[in-house]
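All remarks here apply to the structure that follows.
The values are calculated or read from the model by the stated rules, or taken from the named source; none is laboratory data. Every value quoted in this text rests on a predicted model; they were computed, and no experiment measured them. Glycine also receives a Cβ, built like all others from the backbone with ideal geometry; neighbour counts cover every protein chain displayed. The protein model used for the area step is the full one, side chains on, heavy atoms only, and it has no ligands, DNA or RNA in it. Shrake-Rupley method; radii C 1.70, N 1.55, O 1.52, S 1.80 Å.
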Amino acid sequence: MSSDAALLGRWGEKQAAGYLHQKGYRLLAAGYRCRMGEIDLIAQKGRELVFVEVKLRRNARFAEAREQVTSAKQRRILLAARHFLAQRPEYGEHYCRFDVAEVYAPDGMQTAKPEIRYYEHAFW
């Protein structure tokens, strides 16, 4: 991934993190990585733990951003979530959910107010 793409991806994740914060979630991790995979955002609200895949696009003309979360990607996220829980036993009794946040930014990082479409329970 080019540095511009990585920078844009982190910007999209910050937009989604802001959205979650507004909804009362506390961000636990961003860009969580392990040998099994990566999770863009991990957030908590009460006893609920949310693993979020963030997809950034300029528009949905060709496909919805969430369509890029393939079954293979879902498996990697699930394995990474299991790793996170094994490393953080204090969250072992929490209810876990897997969500997808679509961030639409027609002008890239210059987009004043990107559109965020958020899907709870996007996959299991």
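Evaluate the following for Ala122: is it within 15 Å of the chain's Cα centre (by Cα) and either touching a residue at least 12 places away in the same chain (Cβ under 8 Å) or surrounded by 13 or more Cβ atoms within 10 Å (Cβ to Cβ) (or both)? Quick ask: steps written out before the conclusion?
Numbers: within 15 Å of the chain's Cα centre (by Cα): yes; either touching a residue at least 12 places away in the same chain (Cβ under 8 Å) or surrounded by 13 or more Cβ atoms within 10 Å (Cβ to Cβ) (or both): yes.
So Ala122 passes the test.
Being assigned to a loop (DSSP other than H, G, I, E, B) and surrounded by fewer than 17 Cβ atoms within 10 Å (Cβ to Cβ) is true for just one of Gly24, Gly31. Which residue is that? Break it down into steps so the answer makes sense when it comes.
Working: Gly31 fails: assigned to a loop (DSSP other than H, G, I, E, B).
One residue alone meets the criteria, Gly24.
The requirement of being buried (at least 20 other Cβ atoms within 10 Å of the Cβ) and assigned to a helix (DSSP H, G or I) is fulfilled nowhere in the range 42-61; no residue meets it.
The residue that is modelled with the lowest pLDDT, counting only those in the range 73-115 that are surrounded by fewer than 19 Cβ atoms within 10 Å (Cβ to Cβ) and part of a strand (DSSP E or B), is Glu115. The C-beta contact set for the range 8-32 (first residue closer than 23 Å to Leu85 by Cα and hydrophobic (A, V, I, L, M, F, W, C), second residue open to solvent by less than 60 Å² (accessible area, probe 1.4 Å) and assigned to a helix (DSSP H, G or I), distance under 7 angstrom, 6+ apart or interchain) comprises Leu27/Ala17; Leu27/Leu20; Ala30/Glu13; Ala30/Ala17. Determine, yes or no, whether Gln15 is in contact with a Leu (Cβ under 9 Å, 6 or more places away or on another chain), assigned to a helix (DSSP H, G or I) and crowded, with 16+ Cβ neighbours inside 10 Å. Yes, satisfied.
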